[in-house]
Each structure stands twice: as C-alpha cells, then as structure tokens.
Amino acid sequence: MRKLLTIIFLFGATFAQAPEKVSPDVYKVVFENENVKVLEVTFEPGQSDKMHRHHRMVYYVIEGGTMQITSSDGTVNIAEIKVGSSAQQDPVVHRVKNIGETRARLIVVEEK
C-alpha cells in the first residue's frame, strides 16, 4: 500500500500545474510576458497552497515567516524566510504552508 501511495504522489507531482492555477488565493500574477511571470505571493498564518511547479525563479521576501515546504518526493523542510532576503531557485515541484503566526509575502519572478 505504501508503494502505491508513493507512486500516486509522484505521478501527481509530475503533472503539477502552475501555482496561480491551483492556488489563486495565494498566487496572483502581476506581470507576464513571453520571458517571465511575476507573482505576488501571500500566505496568511496556517494557510497552505496545493502541490505545484515552478520554473527557475528568483524570490524577494516582503514579509517574513516560518514556512513548511513539502517536496514532490515527500521530503519536508522548515524555512525561516526573513524580510529583505532573496534567493534563486531551480525548477521545483512542491507545496508550501505558513506554519508561523504572521503573514508571509513574497514577490516571485519566474522564467518561462
């Protein structure tokens, strides 16, 4: 049964959609052209998105928080994102939950 659940989980991750499609309450497209997509991302305390995919991206943290990130393979990591921090990230399929007590907001610039 565990193998079957793992296969279903990974199969679903392979076909994960863009974040604004599966979690429009969290991800809002504020600009898009043929090269990039810019997203405003807002997680209220306790809020989670659905499994989704990102192309290569850069993010900037406007309001920080404590985030739980679940990868497509089921690995769970906790990240404390700090106001003013930024990072580049390679393509990824994941799900994110704000496990902190404050709202977290980011700007994401994603390659197409």
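Here are some notes:
- Region 10-20, subset in a loop (DSSP other than H, G, I, E, B) and surrounded by 16 or more Cβ atoms within 10 Å (Cβ to Cβ), residue modelled with the highest pLDDT: Ala18
- Among residues of region 36-52, those that are under 20 Å from Ser86 (Cα atoms) and among the polar types (S, T, N, Q), counted: 1
- When region 82-112 is filtered for residues that are in contact with a Ser or Thr (Cβ under 7 Å, 6 or more places away or on another chain) and open to solvent by 60 Å² or more (accessible area, probe 1.4 Å), the ones remaining, listed by number, are Arg95, Lys97, Ile99, Arg103.
- Here Ser72 passes the criteria (1) over 17 Å from Ala16 (Cα atoms); (2) modelled with pLDDT under 95 except the one numbered (1).
- Pair list, Cβ < 6 Å and 6+ apart or interchain, from region 85-112 residues that are in a strand (DSSP E or B) and at pLDDT 95 or above to residues that are open to solvent by 40 Å² or more (accessible area, probe 1.4 Å) and basic (Lys, Arg): Val93/Arg53; Glu111/Arg56
- In region 54-81, the residue that is most open to solvent (accessible area, probe 1.4 Å) out of those that are hydroxyl-bearing (Ser, Thr, Tyr) and in a strand (DSSP E or B) is Tyr60.
- Count of region 21-41 residues which are part of a strand (DSSP E or B), under 22 Å from Ile99 (Cβ atoms) and open to solvent by less than 30 Å² (accessible area, probe 1.4 Å): 3
The values are calculated or read from the model by the stated rules, or taken from the named source; none is laboratory data. Everything quoted here is computed from the prediction, not taken from an experiment. Every residue, glycine among them, receives a Cβ derived from its backbone with ideal geometry; neighbour counts consider all protein chains shown. Note: areas computed on protein heavy atoms with side chains; ligands, DNA, RNA excluded. Shrake-Rupley method; radii C 1.70, N 1.55, O 1.52, S 1.80 Å.
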